[in-house]
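Visitor: I'd like to ask some things about the structure below.
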Amino acid sequence: MSSSAVSVKFRWGLSASDPEEQPTLIVGQVAHLNALTWHDVRGKLEPRVTEEAWKRGLSCVSTSPGECVELWPRGAGLASLPARRSRHAAPSRSHALAKLVRSWHRTQREHEYIVLICRKRDVYASAMAIARCYPQYNARSGPALLGAAADTPQARTVYVEIQLASDDQRGELEDEGVGPLDPSLLDSTLSTEELAAIQAAADSTRLAAKIADTPCNIMNVDKFIEEACRVAKELDLPEPTIIRGEELKARGMGGLYGVGRAANCPPALVALSYNVPGVDKSVAWVGKGIVYDTGGLSIKARTSMVGMKGDCAGAAAVLGAFAAAVRAAPTVNLHAVLCLAENAVGPHATRPDDIHQLYSGRTVEINNTDAEGRLVLSDGVVYAHRDLKADTIVDVATLTGAQGTATGKYHAAIVSNNSSIERRCVAAGLRAGDLAHALPFAPELHFTEFSSCVADMKNSVADRSNAQPSCAGLFILAHLGFDFPGTWLHVDMASPAHEGERATGYGVALLTVLFGSLTQNKLLKALCPPESS
């Protein structure tokens, strides 16, 4: 059954349904589940599940947090989230929630229900966790006989019905790192506007994951540009600015041009813009969009090349986050800059020892063609500053394999020239479920790794054991300049961009929460960490 035919819709409050016809999973923390009465949930369970069976199920999940029990065979399930969490994990337990939803075995029906019991402060992260459990891209042909036409996947809808638990802020020590909460996050209601923000972010998370999941023979640079143009049209925005192929070279964007010139589809810089009349402040999100990464002439090993269709996850996240943020009506000029290329092998491929001049004017000696993401991003951030006049720039990328070694599978590694946005990004990650952890920012200690005898810098470090993910970020900042007066944040999400063989859409929730105060949406503004956090 293809997940591409699954819609995920969010509602506030519970409707009546029969678990025999519409399978239902009820999930939440033990304390929140125990606060429910039979009257609260009977409409989802009767006539199949009795009050006695419900209470037995509650008893089981209360004594074994993190488990799921069946209340009705393959029709009704009850699952509890882990009781404890460490200070660097999300208070929503969003990663555990996603595992429970994925592992829940049920019959494929036209309509399914997930009843989410949570505090309002956790609803956004929890909703994104559920959304990413239903990936959109799937090329399976279905159960048809060989030679027969492939079955058309049955359209299904998963309704996520939200029941907000009371929140009296007890146990604030548990939520260390989240920062002070907006009072609106302590009530037990969801407005239409707040639900719209949840739905938009969930749809955008699934879009980002779909782009990263789709192989390069389908999602090449041309198709990625089509996705960007479709998003702009849906948002009623002007057509994106597209700088492509030889024009990149003529404009001086030697990093992006050099990386992508060997591929059949020429590289491109694509910029989508939402402008607010009379506003000077501009924010730009810049995404690495390597639609496939062979490593170039410094070619990857056979096993490490598999999965490189997802090296565009940074640009996919930027596109998705931009779509969700625009629907929340930004109060500043907001730009999405997509740096799109295929790092291919061919007669025109960049060679080690080649020297490229980037859009900054600085020259780079290539000592590793597999360190290509920083080249395209460097052109992207300079374009964001010079052409789009952005004073706050965030680059998002699956940049280094070393990120997973440094901060693991779940936390992106962040580097910034601004301590305030660094702290707020970590707090936003806890609130959004897209976790982040700060790396050292010390250009005077680390940038010497890029020393070159013949150019301004090399593109890969001399010592791979010396804070490699930090160094990769510093390479990008070097093209803005270490004296850049604006705010710069680098998000390396190479590992959290994927869960097993599937993309997660990481980055959409993080960016929309981190910059939520610059929108008009009540929920995003409340979730956005304050400057003092």
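Visitor: Averaging sequence separations of C-alpha pairs under 8 Å and six or more residues apart, then dividing by the length of the chain, give the relative contact order as a whole percent.
Guide: Over the chain, the number comes to 16 percent.
Visitor: What do you get for Rg/Rh of segment 323-461 when both radii come from the Cα atoms and Rh is the Kirkwood radius?
Guide: 0.98
Visitor: Please state the Cα pair-distance histogram of segment 486-533 with 10 angstrom bins from zero: what percent is in each bin?
Guide: Final binned percentages: 23, 40, 30, 7.
Visitor: I would also like to ask the following. Hey, how many Å between the Cα centroid of segment 258-291 and the Cα centroid of segment 415-465?
Guide: 21
Visitor: Could you work out Rg/(2.2 N^0.38 Å) for segment 262-383, with Rg from alpha carbons only?
Guide: 1.19
Visitor: I need the helices of the chain that pass two filters: whole DSSP H segments spanning 30 Å or more by Cα along the axis, and mean Kyte-Doolittle score no lower than -1.0.
Guide: Span-like helices here: 192-213.
Visitor: Based on the Cβ-Cβ distance from Lys300 to Glu239, what FRET efficiency comes out when R0 is 35 Å, to the nearest 0.05?
Guide: With a Förster radius of 35 Å, E is 0.50.
Visitor: A follow-up question, please. Let me know the whole percent of all Cα-Cα pairs from segment 38-138 that are separated by more than 18 Å.
Guide: The proportion of pairs with Cα distances above 18 Å equals 52 percent.
Visitor: With the Cα gyration tensor of segment 218-319 in hand, give its eigenvalues times 5 under a square root as the equivalent ellipsoid semi-axes, listed largest first in whole angstrom.
Guide: Listed largest to smallest, the semi-axes of segment 218-319 are 27, 16, 13 Å.
Visitor: Assuming R0 = 51 Å, what is the FRET efficiency of Ala31 and Thr363, from their Cβ-Cβ distance, to the nearest 0.05?
Guide: Efficiency at R0 = 51 Å is approximately 0.30.
Visitor: Right, something else. Between segment 222-250 and segment 368-413, what is the C-alpha centre distance in whole Å?
Guide: About 20 Å separates the Cα centre of segment 222-250 from the one of segment 368-413.
Visitor: Follow-up. Reachable lysines from Lys300, Cα under 27 Å, same-chain residues fewer than 8 places away excluded?
Guide: Within reach: Lys210, Lys223, Lys249, Lys288, Lys309, Lys409, Lys458.
Visitor: Treating each Cα of segment 444-521 as an identical point scatterer and ignoring solvent, apply the Debye formula and state log10 I(q)/I(0) at q = 0.22, 0.23 Å⁻¹.
Guide: Taking Cα atoms of segment 444-521 as identical point scatterers yields -1.05, -1.08.
Visitor: Take Val279 and Glu67, extend 7 Å from each Cα along the Cα→Cβ direction, and tell me the distance between the two endpoints in nm.
Guide: Calculated label separation equals 5.1 nm.
Visitor: Would you compute, from DSSP H runs of 4+ residues alone, the mean residue ellipticity of the chain at 222 nm, taking -39500 (n - 2.57) per run and dividing by the full residue count, rounded to the nearest 500?
Guide: Mean residue ellipticity, 222 nm, calculated: -10000 deg cm²/dmol.
Visitor: Express the carbon and sulfur contribution to the solvent-accessible surface of the chain as a percent, rounded to the nearest whole number, probe 1.4 angstrom.
Guide: So the carbon and sulfur contribution to the accessible surface is 50 percent.
Visitor: Treating cross-link reach as a plain straight distance, find the lysines whose alpha-carbon is under 21 Å from the alpha-carbon of Lys525, omitting any fewer than eight places away in the same chain.
Guide: Cross-link targets: Lys120, Lys281.
Visitor: Okay, moving on. Using only the Cα atoms of segment 381-445, what semi-axes does the equivalent ellipsoid have when each is the square root of 5 times a gyration tensor eigenvalue? Give whole Å, largest first.
Guide: That gives 22, 15, 13 Å for the three semi-axes.
Visitor: Given a Förster distance of 22 angstrom, what is the FRET efficiency for Ser420 paired with Lys522, based on the Cβ-Cβ distance and rounded to 0.05?
Guide: About 0.40, to the nearest 0.05.
Visitor: More than 36 angstrom separation, counting every C-alpha pair in the chain; what % is that?
Guide: 32
Visitor: What is the ratio of the Cα radius of gyration of segment 243-296 to 2.2 N^0.38 Å, where N is its residue count, to two decimals?
Guide: It is 1.42.
Visitor: In square nanometres and to one decimal, what's the mean projected area of the convex hull around the Cα atoms of segment 356-406?
Guide: With every direction weighted equally, the projected area is 4.3 nm².
Visitor: Just to be sure I understand: of the beta bridges DSSP finds with both ends in the chain, what percent are antiparallel, rounded to 5?
Guide: 30
Visitor: With every protein chain kept in place and ligands, DNA and RNA left out, what is the accessible area per residue of the chain? Probe 1.4 Å, answer in Å².
Guide: 39
The values are calculated or read from the model by the stated rules, or taken from the named source; none is laboratory data. Note that this is a predicted model, so its numbers are computed, not measured. Cβ sites come from the backbone with ideal geometry, for glycine too, and all protein chains shown count toward neighbours. Note: accessible area is taken over every heavy atom of the protein model, side chains too, but ligands, DNA and RNA are not part of it. Shrake-Rupley method; radii C 1.70, N 1.55, O 1.52, S 1.80 Å.
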